[in-house]
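Since the structure comes first, as structure tokens, the remarks are kept for the end.
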Amino acid sequence: MAFWLAACAAAVFLGLGKGGVPMAASLAVPALALVISPIAAAGLLLPVYLAADVVSLWAYRKTYNRQVLRIMFVAMPLGVLFGYLTVDLVSEAQVTLLLGLMGAVFAVATMLRRNVDTTPRDPRWRSGLFWGATAGFTSFVSHSGAVPYQVFTLPLRLEKITFVGTLVVAFAYVNVVKLIPYYLLGQLSWGNLKTAAILMIPAAMAVLLGVKLVRVVPEKLFFRVIIWALLILSSKLIWDGLSQILFQG
């Protein structure tokens with residue numbers, strides 16, 4: 001009973017995040033890790049992530065920024081490939097700490113900025129390739145690709161629905177790309193598919209609920225929540241990275 005309660009909660013968090021609710025998806029693995037190991041939780045939820053991607057792609061199929069996606073489609077696989085090639089060399093704790101520091105600095109700097117320019121901007125390939133590759137790498141290593149992605153896309157001042165729709169497409173794409181190296185590294189557990197299939201139901205329903213919530217929340221409030229969510233998530237990453245370095249290293 002404890003497992004199924006935690007698993008259903010994780011599926012709902014995952015679905016809300018895929019529907020566009022800030023930071024919700026980051027609670028999925030920790031919720032399930034209350035009853036099983038974090039590694040097993042990540043493996044079990046991967047098929048659920050992919051199923052939720054299908055629903056969220058349908059919901060946001062007409063609202064995305066083509067320029068951003070062109071850059072992400074080139075950059076993200078480069079980051080995934082780098083993560084695969086350096087999987088035995090890179091410390092996950094150090095990556096987690098660095099990721100948290102980048103996100104926290106960006107979030108605090110944005111909050112302290114008094115005169116915020118709301119004019120939409122075109123994405124630039126140079127910075128997009130860097131942040132997109134970083135997002136692909138950190139998504140592969142620690143499932144935290146949203147932090148560098150948001151550092152790149154938030155200054156573009158995209159409209160709310162376009163912002164979410166572009167994020168949904170980009171991370172659905174990188175999740176499919178990650179299947180290949182995950183399979184080669186033996187991180188996919190096909191024995192979990194029956195349990196994952198059950199969890200896909202609450203996850204899909206939560207995606208639709210998340211889509212509705214995003215559409216009714218005022219745009220200014222939505223991006224304010226995004227910045228605070230980025231700061232909170234980055235703070236957690238800093239804590240996790242320091243804890244692993246100091247107490248497990």
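Quick rundown of the values:
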item: 15 Å Cα-Cα reach of Lys160 towards aspartates and glutamates, excluding residues that sit fewer than 8 places from it in its own chain; result: Glu219
item: Eligible lysines near Lys194 by straight Cα distance, threshold 24 Å, same-chain separation 8 or greater; result: Lys18, Lys178
item: Cα shape, the range 1-89, gyration tensor, a/c 1.5 rule; result: oblate
item: Surface accessible to a 1.4 Å probe, per residue, for the residues of the chain, Å²; result: 52 Å²
item: Table column - 3J(HN,Hα) (Hz), the range 96-111, Karplus curve with 6.51, -1.76, 1.60, x for Gly and Pro; result: 4, 5, 4, 4, x, 5, 4, x, 5, 4, 5, 5, 5, 4, 5, 5
item: Bins of 10 Å, starting at 0 and running to the largest distance - Cα pair percent for the chain; result: 8, 31, 40, 18, 3, 0
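The values are calculated or read from the model by the stated rules, or taken from the named source; none is laboratory data. Note that the structure is predicted; figures quoted are calculated from it, not measured. Ligands, DNA and RNA are stripped out before the accessible areas are found, and what is left, the full protein with its side chains, is counted by its heavy atoms. Shrake-Rupley method; radii C 1.70, N 1.55, O 1.52, S 1.80 Å.
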